[in-house]
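Right, one structure below, let's go through it.
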Amino acid sequence: MDDSFYSVESAAEKLDVHSRTVLRFIRDGKLKAVKVGRQWRIRREDLQALTGEPEKEQQASASSVIDLPVSGREEAYRYETLVMAALNSRGNRGKESNHRVDCLYNSEEQTVRFVLWGSISFMKDFFTLIDRY
């Protein structure tokens, strides 16, 4: 059980309403709250019950640019295909869909550049995939 509590002001900010509206919700019995001294405290679960949806947990995110040396366009294409296939199979797990990969082949430098955005676990999986290949 989560013991997180919100003040009237922080609950109002989360709900995007005025603090008087939150006090009215409490008074009308629409929102459960506990009075501590002269102030009201609202449990996270009670705030979620009012909105009808659970609060989304925020995760750390990262970005990275990786330049891999390749022997030519065909090898760059193989890397890109490998990465896209891995991303497509990862998306089917339903665990994470908030990531992005851009790929660019540089013929002058003979490199393939991957630009990544996503969670730390996504980055770890990507680096493991590239390291194994």
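Only the coordinates and a few stated rules stand behind these numbers; no lab work does. Keep in mind that what you see is a predicted model, and the values were worked out from it rather than measured. Note that we place each Cβ from the backbone using ideal geometry, even for glycine, and neighbour counts take in every protein chain shown.
Between SER119 and LYS14, what FRET efficiency comes out of the Förster formula 1/(1 + (r/R0)^6) with R0 = 25 Å and r the beta carbon distance, rounded to 0.05?
0.60
Looking at the range 61-132 from every direction and averaging, what is the projected area of its Cα convex hull in nm²?
Working: hull surface 17.7 nm².
Seen from a random direction, the Cα hull of the range 61-132 projects 4.4 nm² on average.
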Margin query: Could you give each residue of the range 39-51 its phi-based ³J(HN,Hα) in whole Hz, using Karplus coefficients 6.51, -1.76, 1.60 with θ = phi - 60°, and x for Gly or Pro?
Written below: 10, 8, 10, 10, 6, 4, 4, 5, 5, 5, 5, 5, 7
Next item on the list: Note the count of lysine pairs whose C-alpha atoms are less than 27 angstrom apart in the chain, limited to pairs 8 or more residues apart or on different chains.
Entry: 11
Checklist line | Under-5 Å amide H pairs with LEU31, H placed in peptide plane, nonlocal only | finding: ILE26
Next item on the list: Calculate the radius of gyration of the Cα atoms of the range 5-51 to one decimal place, then report Dmax, the largest Cα-Cα distance, as a whole number, both in Å.
Entry: 9.2, 26
